[in-house]
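A short worksheet on the structure shown next.
The values are calculated or read from the model by the stated rules, or taken from the named source; none is laboratory data. Keep in mind it's a predicted model, so treat the numbers as computed, not measured. Ideal geometry is used to build each Cβ from the backbone, glycine not excepted, and the neighbour counts take in all protein chains shown. When the accessible area is computed, the model is the full protein with side chains, heavy atoms only, and any ligands, DNA or RNA have been set aside. Shrake-Rupley method; radii C 1.70, N 1.55, O 1.52, S 1.80 Å.
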Amino acid sequence: MSSAIPNDESASDSDLAAAVLAGDRSAVGRAITLVESTKPEHRHRAAALVEVLLPHTGDVERIGITGVPGVGKSTFIESLGLRLTEADHRVAVVAVDPSSSRSGGSILADKTRMTKLSVDDRAFVRPTPSAGTLGGVARATRESMLVLEAAGYDVIIVETVGVGQSETLVHSLVDVFLVLMLAGAGDEMQGIKKGVLELADLVAVNKADGDNLQRAELAAGDYRRALHLLAPQSPSWSTPVVTCSALTGEGLDELWALVQKHRRALEETGERHERRREQQLDWMRNMVRERLLDNLSADAAFAARNAELEAAVAAGKLSPSVAVDRLLES
């Protein structure tokens, strides 16, 4: 689809919103760039844009995917995504890449790993830097998802950086939280934190093919037993554990069927709506904390006092808790 608006900043925000709603891929890219920007003037424009797009969002499947390093998240997402586009779904992938805490640089390699899905007309792959955000989810991931939903993508996949306690933030963004696991990596429970398992709606042991098939099935059994020891997060859903192969495609149709079954189960009880409602409130609360911190950091007097107290803490003259109390008092 050709660009409906000029490729410069003079294009009005209303034109940009209209082009996004028309499914213009170039406009979608520019809209996401706008919501990712940390510049104050861009933040106000992004908020206005999201407000226009919001009524056109909501009735989609939001899937969060995380997993241990080397589990093959990108290969899995590409295989699943291609199956979905073949079934006339429009699939968008927000792939959050790790940012350096020193330089702020990001690998942003997911688009090169998902070579086939990236060029699929019914798919949109957007690598985005995490920029050090807790949870491995980029600061503007929520807004990016809304832009993609408004553009007509009915399956939104968020790929997180990796697995850890902080990665569970993705759970506050999606309807289904899928955890990918590996077999044959020693003690199966060492590869994933208990907290992530407690949040999982689905668990899939990937690379269940060839000589690894039996090990994958044994690992799946281990995870089923482990999950029996955890309290289910929903009274209407028990987390299933399946095996799959992103390489051969085996098990992917079953996994997608489980995603649909999960949606029906939670819609019948109203839990899906309640989960979305809580996510909206979490979004607001997180933004309040971010904005307050940004405003404080921009205050010259606060910055000077902060630097003074940091020096005292670094020199061992003051404990961090006392320093924080004094900073807030000032």
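Per residue, the range 251-307 exposes 65 Å² of accessible surface when a 1.4 Å probe is rolled over the protein heavy atoms with every protein chain present.
Along the range 77-94 the Karplus relation, 6.51 cos²θ - 1.76 cosθ + 1.60 evaluated at θ = phi - 60°, assigns HN-Hα couplings of 4, 5, 4, 5, x, 5, 5, 6, 5, 5, 8, 6, 7, 10, 10, 10, 10, 9 Hz to successive residues, with x for each Gly and Pro. For the set L281, L178, L229, solvent exposure ranked by accessible area (probe 1.4 Å, protein chains only) runs largest to smallest as L229, L281, L178. Around the amide H of E250, modelled in the peptide plane, lie the amide H atoms of S245, all under 5 Å away and 5 or more residues distant in sequence or on another chain. Using the Cβ-Cβ distance between E274 and H56 with R0 set to 22 Å, the FRET efficiency from 1/(1 + (r/R0)^6) comes to roughly 0.50. Solvent exposure of V259, expressed as accessible area, is near 10 Å², computed with a probe of 1.4 Å over the protein chains only.
Keeping the other protein chains in place, figure out the carbon and sulfur percent of the accessible area of the range 219-297, with a 1.4 Å probe.
56 percent
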